[in-house]
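Asker: I have a structure here, written as structure tokens, and I will follow up with some questions on it.
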Amino acid sequence: MKTVLITGVSRGIGQALAKKFLANDFLVIGTSISGQVSLKQANLINFPLDLTSDESIKELLERLHDLDKTIDILINNAGALFDEDETKVIIDKLRQTLEVNLIGTINFIEQILPLIKKPGGHIINTSSSAGSLALSMQHYYPCYKISKCALNMYTRTLASRLNEDKITVSSVHPGWVRTEMGGEDADMSPEEAAAHIYELAIKPPKESGQFWFKGEKMSW
């Protein structure tokens with residue numbers, strides 16, 4: 001049985017991803033800030049994880065070592081939007097956003113790397129079209145956009161670094177999804193977004209360090 005670790009499985013895309021992988025006979029290790037999720041299944045193990053806390057990350061790594069599982073797929077789904085109504089950079093919100101979407105996510109990835117399967121592992125960073133320099137021209141929620149653009153660069157650099165280990169690293173745009181972050185007017189359900197990410201995850205592309213949406217490369 002293969003193992004996938006998904007951050008942020010308590011709701012939205014993360015929960016839909018957990019259900020999708022469980023339905024396809026994966027062992028799913030999920031995380032949420034509280035460590036509690038409504039989804040119950042024998043092959044789902046959930047742990048608390050606060051990406052802004054070094055101690056929380058270290059505690060999770062200890063628990064993962066105790067499980068003694070190699071992680072085939074890592075999906076960094078957890079993220080936050082703190083400046084949805086802003087049109088200019090608010091420094092406190094920028095720091096808050098970067099702590100979750102960039103610094104905490106990178107800190108977690110760097111510490112979990114020894115557990116990723118090599119060769120053949122796949123790391124997926126959930127980004128956004130809002131992080132594309134080519135596509136994102138509006139000035140709304142700038143802190144969120146900055147965090148996702150920087151995360152895309154991390155995907156590129158990490159992919160180059162892990163090339164010899166034959167670990168694929170991808171960024172993915174999930175789409176405009178009907179979640180708490182995306183809102184009720186979004187054009188895609190969490191299940192639809194999860195299905196596209198699942199296909200990318202289980203069939204790693206030949207090109208590592210790329211940005212994907214529905215199986216097609218996106219512009220950086």
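The values are calculated or read from the model by the stated rules, or taken from the named source; none is laboratory data. Not measured: the values here are computed from a predicted model. In this analysis, Cβ positions are derived from the backbone assuming ideal geometry, glycine residues included, and neighbour counts consider all displayed protein chains.
Asker: I'm checking my understanding of the structure. Among residues of segment 115-138 that are β-branched (Val, Ile, Thr) and within 14 Å of the chain's Cα centre (by Cα), which one is surrounded by the fewest Cβ atoms within 10 Å (Cβ to Cβ)?
Answerer: Across segment 115-138, the extreme among qualifying residues is Ile124.
Asker: Which of the residues belonging to segment 64-81 are in a loop (DSSP other than H, G, I, E, B) and not β-branched (Val, Ile, Thr)?
Answerer: Selection gives Asp68, Lys69, Asp72, Asn77, Ala78, Gly79, Ala80, Leu81.
Asker: Quick one: which of Glu84, Glu55 is modelled with pLDDT under 95 and either outside any helix (DSSP H, G or I) or surrounded by fewer than 12 Cβ atoms within 10 Å (Cβ to Cβ) (or both)?
Answerer: One residue alone meets the criteria, Glu84.
Asker: Filter segment 51-73 down to residues that are of a type in the set (Asp, Glu) and in contact (Cβ under 8 Å) with a residue 40 or more places away in the chain and give me whichever is nearest to Gln111 (Cα to Cα).
Answerer: Asp54
Asker: When you look at Leu151, is it farther than 16 Å from Asn77 by Cβ and either in contact with a strand residue (DSSP E or B) (Cβ under 6 Å, 6 or more places away or on another chain) or among the aliphatic types (A, V, I, L, M) (or both), yes or no?
Answerer: no
Asker: Sticking with this one: Quick check, is Ile124 in a helix (DSSP H, G or I) and either closer than 19 Å to Leu51 by Cβ or of a type in the set (Asp, Glu) (or both)?
Answerer: No; evaluated as a whole, the condition is false for this residue.
Asker: Hey, among the residues in segment 16-60 that are in contact with a helix residue (DSSP H, G or I) (Cβ under 9 Å, 6 or more places away or on another chain) and among the acidic types (Asp, Glu), which one's nearest to Glu180 (Cα to Cα)?
Answerer: Asp50
Asker: Oh, and also: Taking the stated definitions as given, is Trp176 among the aromatic types (Phe, Trp, Tyr) and either closer than 22 Å to Asn107 by Cβ or in contact with a Ser or Thr (Cβ under 7 Å, 6 or more places away or on another chain) (or both)?
Answerer: no
Asker: Right, here's the next one. Can you tell me which residue within segment 116-146, out of those that are within 25 Å of Ala195 (Cα to Cα) and among the aliphatic types (A, V, I, L, M), is modelled with the lowest pLDDT?
Answerer: Ranking the qualifying residues of segment 116-146, first place goes to Leu135.
Asker: Oh, and also: Of the conditions (1) under 27 Å from Gln96 (Cα atoms); (2) in contact (Cβ under 8 Å) with a residue 60 or more places away in the chain; (3) among the aromatic types (Phe, Trp, Tyr); (4) out of contact with any strand residue (DSSP E or B) (no Cβ under 6 Å at 6 or more places or on another chain), Phe211 clears all except one; give me its number.
Answerer: Of the numbered conditions (1) under 27 Å from Gln96 (Cα atoms); (2) in contact (Cβ under 8 Å) with a residue 60 or more places away in the chain; (3) among the aromatic types (Phe, Trp, Tyr); (4) out of contact with any strand residue (DSSP E or B) (no Cβ under 6 Å at 6 or more places or on another chain), the odd one out for Phe211 is (4).
Asker: Follow-up. Only residues in segment 11-36 that are at positive phi and surrounded by 15 or more Cβ atoms within 10 Å (Cβ to Cβ) count as the first member; pair them with residues that are of a type outside the set (Lys, Arg) and in a loop (DSSP other than H, G, I, E, B), Cβ under 7 angstrom, at least 6 apart or cross-chain, and list the lot.
Answerer: Sorted first by the residue in segment 11-36, then by its partner, the pairs are Gly12/Thr179; Gly12/Glu180.
Asker: Next up: If a residue must be charged (D, E, K, R) and either touching a residue at least 40 places away in the same chain (Cβ under 8 Å) or in a helix (DSSP H, G or I) (or both), how many such residues does segment 176-208 contain?
Answerer: Looking only at that region, the number is 4.
Asker: Mind listing whichever residues of segment 196-220 are surrounded by 15 or more Cβ atoms within 10 Å (Cβ to Cβ) and within 16 Å of Leu5 (Cα to Cα)?
Answerer: Ile197, Tyr198, Leu200, Ala201, Ile202, Pro204 - these are the residues of segment 196-220 that are surrounded by 15 or more Cβ atoms within 10 Å (Cβ to Cβ) and within 16 Å of Leu5 (Cα to Cα).
Asker: Moving to a separate point now. Please pick out the residue among Asn77, Asn43 that is more than 20 Å from Thr126 (Cα to Cα) and not charged (D, E, K, R).
Answerer: One residue alone meets the criteria, Asn43.
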